[in-house]
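Visitor: This is the structure, below, for whatever I ask next.
The values are calculated or read from the model by the stated rules, or taken from the named source; none is laboratory data. All values reported here derive from a predicted model rather than from experimental measurement. Every residue, glycine as well, gets a Cβ built from its backbone with ideal geometry; the counts of neighbours run over all protein chains shown.
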Amino acid sequence: MFIGHFAVALAAKKAAPKTSLAVLIAAAQLVDLLWPLFLLLGLEHVRIEIGNTVVTPLNFYDYPITHSLVGAVSWSLLFGGVYYFRKRLPREAAVLGLVVFSHWLLDLLTHRPDLPLVTSDSMKFGLGLWNSFAGTMIVEFGLFGIGIYLYYKTTTASDKTGTYALISLLIFLTVMHLGNLFGPPPPTVAMIAVAGNAMWLFVLWGWWIEKHRTVREIALSI
């Protein structure tokens, strides 16, 4: 799952209108923002295995810190808790916690059974949507479309930058997703880890977008 996670961030703006898109993106992608760092540190591991699934050649055989069920719940509580103590917005903090946990739920849908309960040798979960290329395309782009619609319903551009910054992000995510689907596999695990850390740029992109967009009054009144 890639653009599906960004779809959750976009859609969650409606439920948490006082929260920046940057924070929502960080929440939706939190475990995938941490995972490349843990790869570099040697705390989690992945193999490149062509044919592992129809969609991805990656074998996620050891990533309990970021992608176990217990880990996902822990990161959700931590992220939501930190936000609450900083902002004192209980509803927004709860939404953020759910957004963090949504990452595990969407991965549960797409991954083969490789999401551990606690440790890498514990019970593993995964419904295997990645074994269907067409199914993956339909679900991911369907979620992305819903997320875009809800974000546009919740916010409006305050200037031209607010329009084009958002459009450019949506186009870039789409192109990147298609590149992941149709492009060659990554050459090395080290390259995956290094490139994965560039995901933080999307958080900054979200911050830039929201500097030039405002929340519609109807969204704030809900």
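Visitor: Being surrounded by 14 or more Cβ atoms within 10 Å (Cβ to Cβ) and touching a residue at least 12 places away in the same chain (Cβ under 8 Å) is the requirement here; does Thr56 meet it? So that I can check it myself, show each step before the final result.
Guide: Details: surrounded by 14 or more Cβ atoms within 10 Å (Cβ to Cβ): yes; touching a residue at least 12 places away in the same chain (Cβ under 8 Å): yes.
Taking the combined requirement at face value, the residue satisfies it.
Visitor: I'm told Leu204 meets every condition in (1) loosely packed, with under 14 Cβ neighbours inside 10 Å; (2) modelled with pLDDT under 95; (3) under 21 Å from Leu33 (Cβ atoms) except one. Can you identify the failing condition by its number?
Guide: Here Leu204 meets the rest and fails (2).
Visitor: Moving to a separate point now. Is it fair to say Ile171 is farther than 30 Å from Leu40 by Cα, hydrophobic (A, V, I, L, M, F, W, C) and modelled with pLDDT of 90 or more?
Guide: Working: farther than 30 Å from Leu40 by Cα: no; hydrophobic (A, V, I, L, M, F, W, C): yes; modelled with pLDDT of 90 or more: yes.
Against the criterion (farther than 30 Å from Leu40 by Cα, hydrophobic (A, V, I, L, M, F, W, C) and modelled with pLDDT of 90 or more), Ile171 does not qualify.
Visitor: Could you figure out which of (1) in a loop (DSSP other than H, G, I, E, B); (2) within 30 Å of Asp121 (Cα to Cα); (3) among the charged types (D, E, K, R) isn't true of Lys18?
Guide: (2)
Visitor: Out of (1) aliphatic (A, V, I, L, M); (2) surrounded by 22 or more Cβ atoms within 10 Å (Cβ to Cβ); (3) within 28 Å of Ala190 (Cβ to Cβ), the odd one out for Leu41 is which?
Guide: For Leu41, the exception is condition (2).
Visitor: Something else: Filtering region 167-196 down to residues that are farther than 25 Å from Gly145 by Cβ and buried (at least 16 other Cβ atoms within 10 Å of the Cβ), which residue is nearest to the chain's Cα centre (by Cα)? It would help to see each step written out before you state the result.
Guide: Pass one, region 167-196, residues farther than 25 Å from Gly145 by Cβ: 184-196.
Narrowing the set further to residues that are buried (at least 16 other Cβ atoms within 10 Å of the Cβ) leaves 186, 192-193, 196.
Numbers: Pro186: 20, Ile192: 16, Ala193: 16, Gly196: 12 Å.
The qualifying residue nearest to the chain's Cα centre (by Cα) is Gly196.
Visitor: So, one more: Residues Thr56, Thr66: which one is touching a Phe, Trp or Tyr at 6+ places or on another chain (Cβ under 8 Å) and not in a helix (DSSP H, G or I)?
Guide: Thr56
Visitor: Can you tell me which of (1) more than 17 Å from the chain's Cα centre (by Cα); (2) closer than 27 Å to Tyr84 by Cα; (3) surrounded by fewer than 17 Cβ atoms within 10 Å (Cβ to Cβ) is the one Arg47 doesn't meet?
Guide: (2)
Visitor: Filter region 69-128 down to residues that are part of a strand (DSSP E or B) and of a type in the set (A, V, I, L, M, F, W, C) and give me whichever is surrounded by the most Cβ atoms within 10 Å (Cβ to Cβ). So that I can check it myself, show each step before the final result.
Guide: We begin by selecting, within region 69-128, every residue part of a strand (DSSP E or B); these are 115-116, 124-125.
Remaining after also requiring of a type in the set (A, V, I, L, M, F, W, C): 115, 125.
Values: Leu115: 22, Phe125: 16.
Ranking the qualifying residues of region 69-128, first place goes to Leu115.
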